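FYI, it's all coordinate maths here, none of it is from the lab. The structure displayed is predicted, hence computed values, not measured ones. Positions of Cβ are backbone-derived with ideal geometry, glycine not excepted, and every protein chain shown enters the neighbour counts.
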Amino acid sequence: MILSDVIKFIYRIIVSRYLGPSDYGLLSLGEGVLNIALLFSVLGLQLGAVKFIAQYLGEENIEKIKGIIAATFRIILPVSISIMLLIILFSQYIAIGIFHKRELVPIIAIFALTLPFASFNNTLASIFVALKKINYWNYLTALVRPLSLIILTVVIISFKGDAADIAIATLGTYILSAGLGAYLLEFKTLPII
């Protein structure tokens, strides 16, 4: 976790120096909207999944574990997609009506697109913990996501991107992490599909 924190700290320094206070503030507001939406989109189901997966793991009931994982994703993904659509629909109101920043509209929309992938990632991380695959959890949350974020951000900065482009780097990071996490779950841990 220390490596992850160091990488995030370096990311924040790079982005804040590149964007300046105004645009960095817009990016931070967009991240804040994502984090609030993330609280609602996962519905606390990942915590319930951890409890039941651990229970069924002790009973060695693999079919029940697969059922819990599948049911959790069948609930979380449609909910997060619905919230994503609501945020995109109301992004102009959120940006202008609440924050009084018209330039925040595309950033909120990009972070809204990130929501289903972030929900999937957070749930997947909890599932790896429940399955006693802490190394996969560490790999995704402490290594892949922060490193890919800083790499994508540096690439975007080298092409003179703006705050919305850096928000796209966050989206790309979550997509990459979700794909890798799904691979680790399906082919290295417990086939669900």
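Quick notes on this structure:
- Charged neighbours of Ser16, selected by a Cβ distance under 15 Å, balance to 0 (K, R count +1; D, E count -1).
- Cα-based radius of gyration of region 15-100 once divided by 2.2 N^0.38 Å, which approximates compact folds: 1.54
- Over the Cα atoms of region 60-177, the radius of gyration divided by the Kirkwood radius equals 1.06; this is the Rg/Rh ratio.
- Highest-fluctuation residue, Leu152, Leu39, Leu143 considered, GNM on the chain with Cα pairs under 10 Å: Leu39
- Using the Karplus relation 6.51 cos²θ - 1.76 cosθ + 1.60 with θ = phi - 60°, the per-residue 3J(HN,Hα) values for region 6-22 come to 5, 4, 5, 5, 4, 4, 4, 5, 4, 5, 5, 5, 6, 7, x, x, 5 Hz, with x marking Gly and Pro.
- Inverse of mean 1/r across different Cα pairs in region 124-193, Kirkwood, Å: 12.9
- Within the straight-line cut-off of under 14 Å between alpha carbons, the aspartates and glutamates reachable from Lys160 are Asp23, sequence neighbours fewer than 8 places apart in one chain being disregarded.
- Nonlocal Lys pairs with alpha-carbon distance under 20 Å, region 37-138 (8 or more apart, or different chains): 8
- Note that region 58-65 has calculated 3J(HN,Hα) couplings of x, 7, 6, 9, 5, 5, 5, 4 Hz, one per residue in order, obtained from phi through the Karplus relation 6.51 cos²θ - 1.76 cosθ + 1.60 (θ = phi - 60°); glycine and proline are x.
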